[in-house]
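Accompanying notes for the structure given below.
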Amino acid sequence: MPVSVPATLGALQVQPLASTPAEVAACAIRPATIADLGALVALENACFDSDRLTRRQFRYMLARAQARLLLAETQGRAGETRELLGYVLVLFNRATSVARLYSIAVSAAARGQGVGRALVEAAEAATWDADRAYLRLEIRRDNLASQRLFEGLGYRRFGILSDYYEDHMEALRYEKTLAPHLTRPPARVPYYEQTLDFTCGASSLMMAMQALSPGLSLDRTLELRIWREATTIFMTSGHGGCGPFGLALAAHARGFRAEVFVNDRGVPLIDSVRSPEKKEVMRLVHEDMLAEVERLGIPVTYGTLGLDELEARFLEGAVPLVLISSYRIYAEKFPHWVVVTSFDEGFVYVHDPYVDYENGETPLDSMNMPIQQAEFRRMTRYGRAGLQAVVLISLPEDEHNG
């Protein structure tokens, strides 16, 4: 998996910030540049005893298109030397509508003057400008001033990370919706994290089945059993992933109704391998699965399922498994299954069974992820052929009607 944040980058730091500033901040806020590196490092070292950003890490963030580093400095006339009062760093790691306020610091001389609040508001504006509708951050359990500040600015606590900082302190997780009319709808689907790199399809199917049958127990044995039943045998490298017909057969074998939508009558994912021998094996596996699908009467539609129709079927009770290209999320081109958890007027929400621990994420980051509808449409095309595949999982007609 790609690493978009350096492995040496530690836990997020939020310096204790005054929650009730004595006055409105008299500061100017602008994007940081390479020329600011020295002042940024000096401020970082003055504000934090651990989990510090280094000069190299600041430079890396300035060079990234998916990060915004903003400075607050004293106001002054053109040409006058301005004093650095604070900074805020926001990360846009994924092609979802969630950004992360990674670090914020204010100089000792500027505390209690509203600089922290001004930086947070600037971070929110930058997040909205980057087409993200949600902003998240972590705060130390013992940082009560910052907790009051962010709660006063409309952030809600939604999780806890144990042993997060270098001194083993817990982190409290916060999130804010930046569009007042948006409220993240609850997920109708439970979450299960894939335990192997190649079991995203099996894990997505497990989530869908438990959403429909809450008594179903999810464990690694079931994950591997479904993967064996649904695998395409080969991929670009390593173990094969799950194809749409294999997932439909695995669902049917467990008493669920499955429908397959694919926009290509060819062998799904065959472009992911180069070897003629491997292509031939995939073709034989596909033909065998397709024959079994036809024998069992599993509905197959060779065409695309539009977003409006996908939402309509979801509202009727089906749980969609959707094949996406992970390039827009992880910057690597491999097919990846996710499960749709909810919709609203602007977003599709999904559970991603993969958790990007290398980038400091937790399962909470992969749950009920908001993706703008236009971005979701772009994601749901894989490979040169633009493969689109959806598997709808639902209860049998008699159970659904009962």
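Odds and ends about this structure:
- Candidates SER394, SER366: the one that is in contact (Cβ under 8 Å) with a residue 60 or more places away in the chain and closer than 20 Å to ARG136 by Cα is SER366.
- Of residues in the stretch 176-198 being in contact with a Leu (Cβ under 7 Å, 6 or more places away or on another chain) and not aliphatic (A, V, I, L, M), the one nearest to ILE324 (Cα to Cα): TYR192
- Check on GLU332, acidic (Asp, Glu), at pLDDT below 95 and either over 18 Å from PRO370 (Cα atoms) or in contact with a Ser or Thr (Cβ under 6 Å, 6 or more places away or on another chain) (or both): yes
- Condition met for PHE347 (among the aromatic types (Phe, Trp, Tyr), surrounded by 21 or more Cβ atoms within 10 Å (Cβ to Cβ) and under 19 Å from SER204 (Cβ atoms)): yes
- Residues that are surrounded by fewer than 20 Cβ atoms within 10 Å (Cβ to Cβ), more than 24 Å from LEU212 (Cβ to Cβ) and either not assigned by TED's automatic domain parsing to the domain that holds VAL390 or not polar (S, T, N, Q) (or both) within the stretch 233-266 comprise ILE233, MET235, GLY238, HIS239, ASP264, ARG265, GLY266, listed in sequence order.
- Close pairs (8 angstrom Cβ cut-off, 6 or more residues apart or separate chains): at negative phi and assigned by TED's automatic domain parsing to the domain that holds ARG59 in the stretch 32-47, of a type in the set (Ser, Thr, Tyr) and at pLDDT below 95 anywhere: VAL41/THR54; LEU43/SER107; ALA46/SER107; CYS47/SER107
- Some residue of the stretch 328-336 being in a helix (DSSP H, G or I), of a type in the set (D, E, K, R), over 15 Å from the mean Cα position of the chain (by Cα) and surrounded by 15 or more Cβ atoms within 10 Å (Cβ to Cβ): no
The values are calculated or read from the model by the stated rules, or taken from the named source; none is laboratory data. No experiment lies behind these values; they were computed from the predicted model shown. We place every Cβ from the backbone using ideal geometry, glycine too, and count neighbours over all the protein chains shown.
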